[in-house]
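Report on one structure; see the data block that follows.
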Amino acid sequence: MAGASLAAELAPHACVLVIETEDTPGYHATGRSAAFWVESYGGAHVQPLTSASGDWLEAHGFLRPRGGLTIARADQQNELDRFEQAFAASGIRMERWDRAAMAACVPGLRPEWVAAVFEPDSKDIDVGAFHAQCLARAREAGAQIRCRSGLATARRANGGWRLTLADGSEVAAAVLVDAAGAWADEVARIAGARPVGIQPYRRTMLQLRTAPAAPAVMPVVLDIGGQFYFKPESGRLWLSPHDETPCAPCDAAPEEIDLAIAIDRLQHTVDWQVEQLEHKWAGLRSFAPDRLPVYGFDPREAGFFWFAGQGGFGIQTAPAAARLASQMLLGLPADAMTRTLDPALYTPARFG
């Protein structure tokens, strides 16, 4: 999604080539998303990117009503208070719910869950349609997208870059944009730039058939302690144990222990019976050391631009992030989507 969304923004103004190692774009993190847009997700410094993306996603038909419910036990109510306070000045609509409101919304909720914050504006994202539209926009504006063409070498030449791709072809470029997700630091090393510490983490997802089935109108449910989230999807339940297991960049696969942990956490939350584990998958979330995205020109390596570290919020922030990065790359002023954003929060120069 990072490369596709940025290519779509840049292609009307520049000659753009997207190089993709896999057989198809979006194979790793983008194709394995939990597909929700929750403004508070990712924290107070990520929220402006998410909020700035919302109107665009809504206008293009990629959002569907869902709602987001962050729940807490009695011993976690102070955490819930701090959560509300962190977004008090953000403009996010938040409602404090008591036990009765929670139980009416999430049938079978176990009694220890006593308080919640509800975000009525949270939505589902049609990730596949959004990603396809980005690629189509990029191609229509003249961008080339080469699959099975990973970056092999990158060297400075004539004030720009001379790139050798995995298929042996060579490309000249004025700017090299690192939108490589879990492989962002590896791309930096190839180009001779200093890595900033982008760390991939494995995230596990399950699709379950439960009895009773989760109501189709139920919100995405997240716990304040960051131990799980789940939501209904086409008559089934999508569940994650919210795991973050450090790993090398790879084609991630779920591990049995994480599947068991996820189901155990669900059963400590609702009294539903798990009838079948129908599908399981894992993806990679990639974070910088401070868990904020990294957007901007490298402070030491001329012509090397970072667009990485989007964690688990890269899809819900993609419209505003791509617009902001394109303005940096093209030297354009902020517009209605980006004028409330502070690029200094995301600069790679913050790592020294």
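Every number in this text was worked out from the coordinates using simple rules, so none of it is lab data. In this text, all values refer to a predicted model and were calculated from it rather than measured experimentally. Here the Cβ is made from the backbone with ideal geometry for all residues, glycine too, and neighbour counts use every protein chain on show.
Note on Thr164 and Gln207: the model spin-label points, each 7 Å out from Cα along the C-beta direction, lie 4.3 nm apart. The listed peptides 118-129, 337-348, ordered by packing as a protection proxy, come out as 118-129, 337-348 (highest mean of other Cβ atoms within 10 Å first). Taking every alpha-carbon pair under 8 Å whose residues sit at least 6 apart, the chain reaches a relative contact order of 23 percent. Between Val175 and Asp342, full extension at 0.36 nm per residue minus the direct alpha carbon distance yields a gain of 57.8 nm.
For Trp306, nonlocal amide neighbours, meaning residues 5 or more places apart or on other chains whose placed amide H falls under 5 Å from its own, are Asp178, Gly296, Phe297, Asp298. In order along the range 74-90, the Karplus-derived 3J(HN,Hα) couplings, from 6.51 cos²θ - 1.76 cosθ + 1.60 at θ = phi - 60°, round to 4, 7, 10, 5, 5, 5, 5, 4, 5, 4, 4, 5, 4, 10, 4, 9, 7 Hz, and Gly and Pro are given as x. Ordering 156-169, 315-328 by mean Cβ neighbour count within 10 Å, with the highest value first, yields 315-328, 156-169. Around the amide H of Ala152, modelled in the peptide plane, lie the amide H atoms of Thr164, Leu165, Ala166, all under 5 Å away and 5 or more residues distant in sequence or on another chain. Inter-label distance, Val217 to Asp251: 4.3 nm, where each label sits 7 Å from its Cα along the C-beta direction. Calculated on the Cα set of the chain, radius of gyration then Dmax: 20.7, 68 Å.
Derived scalar couplings between HN and Hα for the range 337-352 equal 6, 10, 5, 8, 8, 10, x, 5, 5, 10, 5, x, 5, 5, 8, x Hz in order, rounded to whole Hz, by the Karplus curve 6.51 cos²θ - 1.76 cosθ + 1.60 (θ = phi - 60°), x for Gly and Pro. In this structure, the amide hydrogen of Asp290, modeled 1.01 Å from its nitrogen in the peptide plane, lies closer than 5 angstrom to no residue at least 5 positions away or on a different chain. Taken along its principal axes, the alpha carbon cloud of the range 99-205 reaches lengths of 67, 35, 23 Å, longest axis first.
Between the beta carbons of Glu58 and Ser234, assuming R0 = 22 Å, the FRET efficiency works out to 0.55 to the nearest 0.05. Our helix-only sum for the chain, with -39,500 (n - 2.57) per DSSP H run of n ≥ 4 divided by its residues, gives a mean residue ellipticity at 222 nm of -7500 deg cm²/dmol. Averaged over residues, the count of other Cβ atoms within 10 Å places the peptides 57-65, 33-41 in the sequence 33-41, 57-65, highest first. Projecting the alpha carbon convex hull of the range 174-223 along each direction and taking the average yields 6.7 nm². For the pair Cys147 and Gln77 in one chain, pulling the backbone fully straight at 0.36 nm per residue adds 20.3 nm over the alpha carbon distance. Extension gain for Ala14 to Ala334 (0.36 nm times residue separation, less C-alpha to C-alpha distance): 113.4 nm.
Taken one residue at a time, the phi angles of the range 124-135 give Karplus couplings (6.51, -1.76, 1.60, θ = phi - 60°) of 8, 10, 7, 5, x, 5, 5, 4, 4, 5, 4, 5 Hz. Gly and Pro are set to x.
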